[in-house]
């Protein structure tokens, strides 16, 4: 399903955004961030699965500066829940094991006391990644889909259900229909039915459908949209006429992987 994608171009695009610090930044001139570094590690994983043999010149597992960058970030006070989740996952890919007691204290400090949707999703991800099986918040199981739903929130909800030991495929079939209706004539997916296509939405919808045991009603069109988002610089933009960025490239490869049998 990934025919026509220039994977070598993706590698070159990514490597031009590596910093002396070992991390990666959104553009050649911007400093490294946890979010962009996490995106590159995800891109590296996706490349390995989509096109075996295509790797970064400095594979992350062998990159001493990258390891040092993430080690320093883990030693500092952890950032907000979303970024902390990315930091932990990025570190674990390189065999860096965050202190579980630090993680337990961090989660306790971010306990909301109410079933807040996003906070719960990120907190369960952190607890799951740190192996804190005994750390449970009684409000987590009470979280429900937001009334004004976007495809990103749909995926977050399904991943939450999975982390809580529930089978996402048992969700109401109406959600499958709703996700499928988010696909537009250009092959991409909107935030919800009838909205503009963006590459991140392709990732969210296709990943959510996979968790539900379903798929796009027109995967060929979805593939064409993804291919149209790859630019001459190798990276992907949010849409066919957008500038390329690391996060859009990560979403693009993740969506391609979801289309792969």
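Worth pointing out:
- Length gained when the stretch residue 6-residue 162 is fully extended (0.36 nm per residue, less Cα-Cα span): 52.8 nm
- Residue order, fewest to most beta carbons within 10 Å, for 83, 231: 83, 231
- Hydrodynamic analysis of the stretch 41-128 uses the Kirkwood radius over alpha carbon pairs. Inserted into Stokes-Einstein at 4 °C and 1.567 mPa s, it gives a translational diffusion coefficient of 90 µm²/s.
- Cβ-derived FRET efficiency at R0 25 Å, residue 76 paired with residue 100, nearest 0.05: 0.90
- Volume in Å³ per residue [convex hull over Cα atoms, computed for the stretch 118-246]: 120
- Percent RCO, i.e. relative contact order, over the stretch 94-250, from Cα pairs under 8 Å lying at least 6 residues apart: 15
- Anisotropy class of the chain from Cα gyration tensor, a/c 1.5 cut: oblate
- Rg to Rh, two decimals, where the stretch 100-143 supplies the alpha carbon set and Rh follows Kirkwood: 0.92
- Between residue 149 and residue 110, the distance separating the two model label sites (each 7 Å from Cα on the Cα→Cβ line) works out to 2.5 nm.
- For q = 0.11 Å⁻¹, Debye-computed log10 I/I(0) when each Cα of the stretch 1-98 counts as one equal scatterer: -0.31
- Summed over qualifying helices (DSSP H, 4 residues or more, each -39500 (n - 2.57)) and divided by its residue number, the chain shows a 222 nm mean residue ellipticity of -16000 deg cm²/dmol.
Each reported figure results from applying straightforward, stated rules to the coordinates on display, with no laboratory input. Please read all numbers here as calculations on a predicted model, not as lab measurements. For neighbour counting, all protein chains shown are included, and Cβ atoms are generated from backbone atoms with ideal geometry for every residue, glycine included.
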